[in-house]
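Notes for the one structure printed next.
The values are calculated or read from the model by the stated rules, or taken from the named source; none is laboratory data. Computed from a predicted structure; not experimentally measured. Here the Cβ positions follow ideal geometry from the backbone for every residue, glycine too, while neighbour counts run over all protein chains shown.
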Amino acid sequence: MTLRSVPPALLIGAALSSVFVLLALISFAWTPHPVDGVTIANRLQPFSPTHPLGTDQLGRDILSMLMVGAQTSIAVALIAVGIGVALGVPLGLAAAANRGSLLDEVIMRGNDLIFAFPSLVIAILITARYGPSATNAILAIGIFNIPVFARVARGGALPIWTLDYILAARTAGKGKIRISAEHIFPNITNLLIVQATIQFSLGILAEAALSYVGLGAQPPIPSWGRMLAEAQTMIYTHPMLAVLPGLAIVLMVLGLNLMGDGLRDALDPRLRRAR
Amino acid sequence: MIDIRNLSLSIHGTPILRDLSLGFSAGEIFGLVGESGSGKSMTAMALMGLLPRGTRTQGQARLDGTDLLTLTEAQLCALRGNDIAMIFQEPMTALNPVQTIGDQVAETLTIHGRAHRAEALKIARDRLDRVGLSHIALDRYPHELSGGQRQRVCIAAAIALHPRLLIADEPTTALDVTTQAQILDLLKELVAEDGMSLLLITHDLAVVADMADRIAVMKQGEIVESGQTATVLAKQNHPYTRALFAASSHSPDRSETTTPTPLLSLRDVHRYYPGERQGFRRGPPVQAVRGVSFDLFTGESLGLVGESGCGKSTLTRAILGLEPVQEGQIQLIGHPVTPAMPRAERANMQIVFQDPYGSFNPRWRVEHVVAEPFHLLDRRPEGAERRARVAEALTAVRLSPDDMEKYPHEFSGGQRQRIAIARALITRPKLLVLDEAVSALDVSVRASILDLLADLQGELGLSYLFISHDLTVMRAITDRVLVMQAGQIVEEGATEAVFTNPRHPYTRQLLAAAPRLPDTIGTRDDALV
């Protein structure tokens, strides 16, 4: 594929997302200011050369907070998607390989059961039992990714199971697990990549929501959702405190969604031809 | 009535049609014959004004004096369905599955503002009666009908407004022979009674020989020969016409290789499917195969003929040991064939499928594809040995060993079918099951694959089980033939004997329905001239 044929949505989305990923990566090594230093004298500074995006009510540098907050968001969403892929895809493939069997029914009805609970309620349940932390947020979001990936994998696998090369593989004596791994999985990776980008953006939103209600990463670890929550009381006097983390969330999610759409267009040969 | 003059057409600079001229009048059936890629469908699309983006045309295509190529999209919309109508190859996808057939036929009338819904439905009823569907209610959905009935619905919709020209693009290719014969008869009758013209596009010479008043033979975007059907078929002035002919009735030279040792034997095989789910229960089981017994001898080519739904695919899957039989037994070289059979025994039997496009994992290189059945062997060749074996198999099917580095999409349909045969040969099997293996190929490609199969049989002492609905192929390549109907073998015997002297009424029906090239053909110094 030449650069010219890359969908514009993919370019814009990838650019937006990589800015945040880059900021998060830089923050591991360096931030403009330390994020755990409370300097009350510096509180609520406007934009300035020393503090490009100002400081918050405790005198912490907003830019540094956003950079480290990106770490939290991306890590939580990434691991949650990882859980979803690692558990959901094998389940979906197993269901497709045994279509119509009891196993298929059990897996898919189990999925429906998870879908029947709102994710926030489960998250509250988990944190009520084990205490709020980033790990528990990951767990809560991850659980809800499992049925999503199981469904996508099963849906993508079913039509492939009817193709002749699967029958050929069966006459070559290959079992269901082997066929799923060698033939089915590589042919549904497109679908999974697109779904993963979308789930990734949903994960960032979910992390922000959990942190906002205080169930995500705990202080002093910076988090976009908690920055929003803390800025709430000062929304009329210092609106930038709320606008900046809000903007970060919006841009990151927008970037990932655009990337997901773009990837779908780029990876699906049928859509490519239609353009 | 239709007058195409010097039509040239290119898409994004690639020439598709070159200087095409043809014409025919009302009440005439014009046959356009050619292999895939010859531009025959594009000619139809040019008449309909349905050309893809990036198309440039030159020349004229006149319908009763109006040049269709100069019309605007709005003018074309008024024309489509009204003056020119079209039916397609695949009746399964040409109808909208969520609309009733009555609505779909009536749609043509309401779109062109000829009638209101109620009136349109009345006319739709009339047209459906006309195409022989008087027993089918208007509120039925496409999935409730058979393939032939669906094609009739498409025809009813096409003739709803009495078009002047009906274009039929491979209208019977997806249908069984008996259904094909009925649809062709219907089209002939409609032309005779309504005085419309029919442009029949097909790859099957036998179909046009029977139907068309005049034909044109197309090759690579050009008409190489045209004229009265009988004259063209009898004289065959152009070498391509002759080649096409030779290929359609091609019968490879085969040496007698049958020995009296049975290789595969089936005894009273029954196969059931669980019935359809009705709420929480299942309906009674469906019997797909009922008591099939036969022997296939070493070195023999055995044909299994039947129309869709006769149970031949279900039987094939049992013969391959992919699904269990419910009663009876299948043996390969004295060992029972079951889903649990040892891998090494499976290596004795391999399969080649119909669709050269769906039979390979698109992400695998040819080497990987061809080597897949090695999985059956206890000692799997690796590295250089594996490559040597793959090269050997590719050479056997007359491909180059260098092809193993390529991906399947880099090959044409015929070459893919050769790759599929190479894959089947890699474990040096004794039995090859050929499931409609040449049905999707052009006649000339089909002839070369049949030659290849005949040669391989001589070289490697293979036995073949041909499964097909195509009687011409059966006659060309098999020693013995089994005719299957509704899960049972109704007739069995030496191919020539069954074809010349069928005993069972169903066999007779099949043979009568199959379109045939007239016997006069092929002799160039013919009395017709």
*When B:Glu436 is evaluated against the numbered criteria (1) at pLDDT below 90; (2) more than 14 Å from every other protein chain (Cβ to nearest Cβ), which criterion, by number, is the only one it fails?*
(2)
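Of the residues in the stretch B:237-262, how many are outside any helix (DSSP H, G or I), closer than 22 Å to B:Met474 by Cβ and not small (Gly, Ala, Ser)? Full working, then the answer.
Filtering the stretch B:237-262 down to residues outside any helix (DSSP H, G or I) leaves B:237-238, B:249-262.
Next, only the ones that are closer than 22 Å to B:Met474 by Cβ stay: B:249-259, B:262.
Now restrict to residues that are not small (Gly, Ala, Ser): B:250, B:252-254, B:256-259, B:262.
Within the stretch B:237-262, residues that are outside any helix (DSSP H, G or I), closer than 22 Å to B:Met474 by Cβ and not small (Gly, Ala, Ser) number 9.
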*Confirm whether B:Val191 is over 19 Å from the mean Cα position of the chain (by Cα) and under 19 Å from B:Gly132 (Cα atoms).*
yes
*Go through the stretch B:388-419 and give me each residue that's of a type outside the set (Lys, Arg), closer than 18 Å to B:Asp451 by Cα and assigned to a helix (DSSP H, G or I).*
B:Ala393, B:Leu394, B:Thr395, B:Ala396, B:Gly413, B:Gly414, B:Gln415, B:Gln417, B:Ile419
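Would the stretch A:130-153 turn up any residue that is over 21 Å from the mean Cα position of the chain (by Cα), more than 30 Å from B:Arg423 (Cα to Cα) and outside any helix (DSSP H, G or I)? Please lay out each step first, then the result.
First, the residues of the stretch A:130-153 that are over 21 Å from the mean Cα position of the chain (by Cα): A:130-131.
From what's left, more than 30 Å from B:Arg423 (Cα to Cα): A:130-131.
Adding the requirement that they be outside any helix (DSSP H, G or I) leaves A:131.
Yes, the stretch A:130-153 contains a residue that is over 21 Å from the mean Cα position of the chain (by Cα), more than 30 Å from B:Arg423 (Cα to Cα) and outside any helix (DSSP H, G or I).
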*Tell me, which residue of the stretch B:422-433 that is more than 11 Å from chain A (Cβ to nearest Cβ) and either in a loop (DSSP other than H, G, I, E, B) or crowded, with 24+ Cβ neighbours inside 10 Å (or both) is nearest to the chain's Cα centre (by Cα)?*
B:Ala422
*asked:* Residue pairs, Cβ under 8 Å, 6 or more apart or interchain, first in the stretch B:313-334 and within 14 Å of chain A (Cβ to nearest Cβ), second surrounded by 22 or more Cβ atoms within 10 Å (Cβ to Cβ) and of a type in the set (S, T, N, Q). List them.
replied: B:Leu320/A:Thr171; B:Leu322/A:Thr171
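Could you check, for the stretch B:113-130, whether at least one of its residues is closer than 18 Å to B:Gln89 by Cβ and not aromatic (Phe, Trp, Tyr)? I'd like the intermediate steps shown before the answer.
Here is the first cut: in the stretch B:113-130, the ones closer than 18 Å to B:Gln89 by Cβ are none.
The answer is no; no qualifying residue exists.
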*Determine which single condition B:Lys40 fails, assuming it passes every other condition in (1) within 23 Å of B:Thr229 (Cβ to Cβ); (2) surrounded by fewer than 19 Cβ atoms within 10 Å (Cβ to Cβ); (3) of a type in the set (D, E, K, R).*
(2)
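So, of the residues in the stretch B:1-17 that are within 21 Å of B:Leu63 (Cα to Cα) and aliphatic (A, V, I, L, M), which turns out to be farthest from the chain's Cα centre (by Cα)? Talk me through it step by step, then tell me what you get.
Initially, the stretch B:1-17 is screened for residues within 21 Å of B:Leu63 (Cα to Cα), giving B:1-9, B:17.
Within this subset, residues satisfying the condition of being aliphatic (A, V, I, L, M) are B:1-2, B:4, B:7, B:9, B:17.
On the way: B:Met1: 31, B:Ile2: 29, B:Ile4: 29, B:Leu7: 29, B:Leu9: 28, B:Leu17: 25 Å.
Here the residue is B:Met1.
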_Kindly evaluate A:Ile122 against the criterion of being more than 14 Å from chain B (Cβ to nearest Cβ) and not polar (S, T, N, Q)._
yes
*asked:* It is to be established whether one or more residues within the stretch B:341-350 are within 13 Å of chain A (Cβ to nearest Cβ), surrounded by 14 or more Cβ atoms within 10 Å (Cβ to Cβ), in a loop (DSSP other than H, G, I, E, B) and touching a residue at least 24 places away in the same chain (Cβ under 8 Å).
replied: yes
_Suppose we filter B:Asp402, B:Asp378, B:Asp451 for residues that are free of Cβ contacts under 8 Å to residues at least 24 places away in the same chain and either in contact with a helix residue (DSSP H, G or I) (Cβ under 9 Å, 6 or more places away or on another chain) or more than 14 Å from chain A (Cβ to nearest Cβ) (or both); which single one remains?_
B:Asp402
*Restricting attention to helices (runs of 4 or more DSSP H) lying wholly within the stretch A:163-232, give those where 1 or more residues are surrounded by 20 or more Cβ atoms within 10 Å (Cβ to Cβ) and more than 14 Å from chain B (Cβ to nearest Cβ).*
A:185-212, A:224-231
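Say whether the condition of being surrounded by fewer than 21 Cβ atoms within 10 Å (Cβ to Cβ), within 13 Å of chain B (Cβ to nearest Cβ), in contact (Cβ under 8 Å) with a residue 12 or more places away in the chain and among the β-branched types (Val, Ile, Thr) is met by at least one residue in the stretch A:139-146. Can you show your working first?
From the stretch A:139-146, those surrounded by fewer than 21 Cβ atoms within 10 Å (Cβ to Cβ) are A:139, A:143; that's our starting set.
Add one more test, that the residue is within 13 Å of chain B (Cβ to nearest Cβ), and what stays is none.
No, there is no match, as no residue in the stretch A:139-146 is surrounded by fewer than 21 Cβ atoms within 10 Å (Cβ to Cβ), within 13 Å of chain B (Cβ to nearest Cβ), in contact (Cβ under 8 Å) with a residue 12 or more places away in the chain and among the β-branched types (Val, Ile, Thr).
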_Out of B:Val207, B:Val217, sole residue that is closer than 24 Å to B:Val305 by Cα, not small (Gly, Ala, Ser) and not in a loop (DSSP other than H, G, I, E, B)_ = B:Val207
*Working carefully through the options B:Ala388, B:Ala393, find the one that is of a type in the set (Gly, Ala, Ser) and either in contact with a Leu (Cβ under 7 Å, 6 or more places away or on another chain) or buried (at least 23 other Cβ atoms within 10 Å of the Cβ) (or both).*
B:Ala393
*Within the stretch B:446-467, work out how many residues are among the hydroxyl-bearing types (Ser, Thr, Tyr) and crowded, with 23+ Cβ neighbours inside 10 Å.*
2
*For the stretch A:23-44, how many residues meet the condition of being surrounded by 15 or more Cβ atoms within 10 Å (Cβ to Cβ) and touching a helix residue (DSSP H, G or I) at 6+ places or on another chain (Cβ under 9 Å)?*
8
*asked:* Any residue that is part of a helix (DSSP H, G or I), in contact (Cβ under 8 Å) with a residue 60 or more places away in the chain and either of a type in the set (Asp, Glu) or within 16 Å of A:Ile221 (Cα to Cα) (or both) - is there at least one of those in the stretch A:88-110?
replied: no
